[in-house]
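Bear in mind that the values in this text are calculations on the coordinates, not laboratory data. Everything numeric here is computed off the predicted structure, so don't read it as measured data. Here the Cβ is made from the backbone with ideal geometry for all residues, glycine too, and neighbour counts use every protein chain on show.
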Amino acid sequence: MDAKTAIGPGSGEPATVRGTVSLDPAFRSLARPEDIVFVFARHADPALGSMPLAMLRKRVADLPLQFELSDNNAMSSEQKLSKARLVIITARVSKSGDAGYRPGDLEGVSAAVSPRTGGLHLNI
């Protein structure tokens, strides 16, 4: 995980996390091009809930992927990226096609970052 830009809350910047997701060459043989890739943001504090705040759905064939998560990708109108203080970004290759983790899925997870972060790199 590499966060190049972190802009704090109240800076006037919109809540957007931007970055790149790549698949480690060591795992390339474990993923098919049509496997689904989910990129999502959750509250860093599990007490605030485990439901993703924002999510994208792509395919392994799209990797490496430039991504952007914002309130436009919100999973709920009440739980938005812009309302979070810190988030954790996860990129998951789902073997089942479901967003929930299953054995055999591959994933990369960031440290807690501001919801106004750019230049994040996740390596699955």
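Restricting segment 35-95 to trypsin sites (Lys or Arg not before Pro) that sit in a DSSP loop and have at most 13 other Cβ atoms within 10 Å of their own Cβ leaves Arg85. For Ala44, the residues 5 or more places off, or on other chains, whose built amide H falls under 5 Å of its own are Leu86, Val87, Ile88. Which percent, to the nearest 5, of DSSP beta bridges fully inside the chain are antiparallel? DSSP beta bridges in the chain are roughly 80 percent antiparallel.
Computed 3J(HN,Hα) for segment 87-92, one whole-Hz value per residue from the Karplus formula 6.51 cos²θ - 1.76 cosθ + 1.60 where θ = phi - 60°, is 10, 10, 9, 10, 10, 10, glycine and proline marked x. The ratio of the alpha-carbon radius of gyration of the chain to the globular-protein estimate 2.2 N^0.38 Å is 1.01.
Net charge dipole, the chain: roughly 20 debye, given to the nearest 20, about the Cα centre with Cβ charges of +1 for Lys and Arg and -1 for Asp and Glu. Near the amide H of Leu106, within less than 5 Å, lie the amide hydrogens of Val93, Lys95, all on another chain or at least 5 residues away, with H placed in the peptide plane. Note on segment 27-72: dipole from Cβ charges, positive end direction compared against Phe27, Leu69, Phe40; the farthest Cα belongs to Phe27. Multiplying the residue separation of Phe27 and Asp71 by 0.36 nm and removing their Cα-Cα distance gives an extension gain of 12.7 nm.
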